[in-house]
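Below is one structure, written out as structure tokens; the observations come after it.
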Amino acid sequence: MLLFTQAEVGGCALFRVVSVEVAVCPGRGRLWLDASRGHVFTPVWQRHAQHLAALGRAHYALPWEETDLRVSPRGKALTLDGRSASLPLFVAWVALLSGRPLPSPFLGTGVALEEHGERLAPAPREFLQGKLGVAQTYVQQVFPQAGRVAVYVPEGSGFDAKGLTALDVRPVPTLTRAVSEVLGLEPRAGAAAVTKPGAA
């Protein structure tokens with residue numbers, strides 16, 4: 001799975017694509033994070049992954065409680081501290097549990113905040129534009145014959161599609177809509193929204 005990350009270098013934002021392996025194995029609904037080779041998963045990232053698990057249980061009748069998810073970044077010394085992996089991680093997790101294949105490449109970015117359940121928060125224009133620029137370069141270099149590759153982003157985000165000749169930018173409002181568009185899997189009937197108690 002590919003994730004888009006941002007780092008501050010000399011006061012400038014640097015965007016890049018990093019590769020993360022995700023796998024499910026028999027277990028009890030736990031999350032295993034590979035901290036070898038200097039990798040760091042911040043508490044914010046870990047809590048967010050648990051939020052995605054709760055959303056998955058609420059919306060899809062899949063073996064969440066009988067499997068564990070293992071996340072292992074490739075390379076060395078990668079710090080995962082943001083939540084923009086919400087969309088790609090959730091879709092990949094559902095794909096693994098449902099046995100449905102992900103497209104190759106599968107590109108997406110989007111934050112689903114705990115207080116808003118599965119709804120994706122619109123991304124700031126400069127933030128998303130930087131990620132789309134990296135995605136454009138990645139597709140041109142790694143998949144030059146692929147034509148326009150779909151990249152899923154939060155609905156309501158600001159971006160300029162001019163120049164993104166290798167991308168088909170597809171806004172989606174929620175995580176379940178992303179799953180529907182990417183995997184063709186609909187949430188179960190009557191699935192309840194997951195929010196923090198008292199959240200609007």
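The values are calculated or read from the model by the stated rules, or taken from the named source; none is laboratory data. Note that the structure is predicted; figures quoted are calculated from it, not measured. Positions of Cβ are generated from backbone atoms using ideal geometry, with glycine treated the same way; all protein chains shown enter the neighbour counts. Accessible surface areas use protein heavy atoms only, side chains included; no ligands, DNA or RNA. Shrake-Rupley method; radii C 1.70, N 1.55, O 1.52, S 1.80 Å.
Here is a list of conditions, (1) under 14 Å from the mean Cα position of the chain (by Cα); (2) of a type outside the set (F, W, Y); (3) at positive phi, and V153 meets all of them except one; can you say which number that is?
Of (1) under 14 Å from the mean Cα position of the chain (by Cα); (2) of a type outside the set (F, W, Y); (3) at positive phi, only one is false for V153: (3).
Of the residues that make up segment 37-45, is at least one under 28 Å from V139 (Cβ atoms), among the aromatic types (F, W, Y) and surrounded by 15 or more Cβ atoms within 10 Å (Cβ to Cβ)?
yes
Return yes or no: is A135 surrounded by 15 or more Cβ atoms within 10 Å (Cβ to Cβ) and within 15 Å of T5 (Cα to Cα)?
yes
State yes or no: is G99 open to solvent by less than 60 Å² (accessible area, probe 1.4 Å) and either of a type in the set (G, A, S) or modelled with pLDDT of 90 or more (or both)?
Judged against the criteria, G99 is not a match.
Pull out all pairs, ordered by first then second residue, where Cβ-Cβ is under 6 Å, the residues are six or more apart or on different chains, the first lies in segment 168-179 and is in contact (Cβ under 8 Å) with a residue 40 or more places away in the chain, and the second is assigned to a strand (DSSP E or B).
Within 6 Å, the pairs are V172/Y152; T174/R119; A178/Y152; A178/V172.
Which is open to solvent by less than 50 Å² (accessible area, probe 1.4 Å), under 19 Å from the mean Cα position of the chain (by Cα), hydroxyl-bearing (S, T, Y) and farther than 30 Å from A189 by Cα, of S72, S86?
Answer to the check: S72.
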